[in-house]
Amino acid sequence: MTTATAQAHPNIAFIKYWGDLDPCLRIPSNGSLSMNLAGLETRTRVSFDVLLQGDHVTVNGQVMGGAGLERVSALLDRVREMACMRPFARVESENNFPMGAGIASSASAFAALALAASSAAGLSMSEQQLSRLARSGSGSACRSVPGGFVEWQAGQTDEESYAFSIAPAGHWDLVDCIVVVSQVHKPVGSTEGHALALTSPLQSARVADALRRLDLCRRAVCERDFEAFADIVELDSNLMHAVMITSTPPLLYWQPATVAVMRAVQDWRNGGLPVCYTIDAGPNVHILCPGEQADEVEERLQSIEGVQQVLMARPGGPAKLV
Ligand code: PMV
């Protein structure tokens, strides 16, 4: 029996991945950029065991079956193929952050799984290879393999589509205040959502302008220019949600409290507070601000009606073996 344990952080995208060029390989329609979230993590132990009759997966102690298990087994199959081995695996995964809090656990889950499984199989993979392997489980997971501020170059083939760090975690003290307004499980997940993107007449315009936004965002991060960063991050999030709302069937993830938070953040910024929002495929809102403003922003967020919880995360490191 060979065993390895790995840990990875979820990430928040500043420039979003929405829609695939190749849904099977999860090659995205556009490049994206994100920050890993320190303090929040998935820890995954993988043991290949000749006595197992099939892959056995638990997440926070609950046995996983169905489509979730198939997705994990598909990644394990790739590892078995690369390592020329046959045994099934026991996978035990734990998240230290609340499920349903609007933090995509699939990114940290597949990044930790890629590292633990490849290592347990005796493979020594480069960061680039690991990022590609994680991508096959969940697109955004490729961005949780490298550390800090991370760009996913879209590419057109499996070999070309991977993520790399553009700055380490210590580069910029940026804080993500994760505002939970609903814990209800989202009705349409991102895999289904990506498939709907092209039904929106706005998706082609969003994708056509993506490289420009990616360049602006990369520059803003590298120069720690919060004003430029805030403008491009909100525009990119709004564009993704415009595509979602105009897809067939439409995906409207926002709740009234989502909009209340968006409005408040815009008012605060107009009043001189450096702060901006971004929203993934769910109702909860990620509020970004420089570290010096984090306490003030948290206090203001707590006073908005409908806000259930605020979690704070600073830039996090790469996926690692533990
Ligand atoms: O990696 P997926 O298939 O869960 O897609 C992630 C989609 C968004 O979170 C909405 C955007 C992103 O780039 O993380």
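The values are calculated or read from the model by the stated rules, or taken from the named source; none is laboratory data. Predicted, not measured: the structure shown is a model, and the values here were computed from it. Methodologically, a virtual Cβ is constructed for each residue, glycine included, from the backbone with ideal geometry; neighbour enumeration extends over all protein chains shown. Surface accessibility is based on the protein's heavy atoms, side chains included, excluding ligands, DNA and RNA. Shrake-Rupley method; radii C 1.70, N 1.55, O 1.52, S 1.80 Å.
Numerical summary
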item: Rounded if a/c under 1.5, otherwise prolate or oblate - segment 115-252, Cα gyration tensor axes; result: oblate
item: Rg and Dmax of segment 169-322, Cα atoms only, in Å; result: 16.1, 46
item: Within the accessible area of segment 147-201 (1.4 Å probe), percent carbon and sulfur; result: 58 percent
item: Centre separation in Å (Cα based) which lies between segment 243-322 and segment 116-195; result: 20 Å
item: Around residue 253: net Lys/Arg minus Asp/Glu count, Cβ-Cβ under 14 Å; result: 0
item: Accessible area expressed per residue, segment 238-322, with surrounding protein chains retained (probe 1.4 Å, Å²); result: 46 Å²
item: Considering only the chain, percent of DSSP beta bridges that pair antiparallel, nearest 5; result: 90 percent
item: Over the chain, equivalent-ellipsoid semi-axes from the Cα gyration tensor in Å; result: 32, 20, 19
item: Carbon plus sulfur fraction of accessible area for segment 280-322, probe 1.4 Å, in percent; result: 43 percent
item: Top positive-direction residue, dipole computed over the chain with Cβ charges, set 154, 11, 293; result: 154
item: For segment 201-322, with +1 on Lys and Arg beta carbons and -1 on Asp and Glu, the positive-most of 274, 243, 307 along the dipole; result: 243
item: Span-rule helices in the chain, defined as complete DSSP H runs reaching 20 Å or more along the axis (Cα) with Kyte mean at least 1.0; result: 105-120
item: Rg to Rh quotient for segment 112-151, alpha carbon positions, Kirkwood Rh; result: 0.95
item: Amide hydrogen neighbours beyond the local backbone of residue 247, cut-off 5 Å, H modeled; result: none
item: Segment residue 69-residue 157, extension gain: residue separation times 0.36 nm, minus the distance between their alpha carbons; result: 29.1 nm
item: Accessible area in square angstrom per residue, segment 114-161, 1.4 angstrom probe; result: 28 Å²
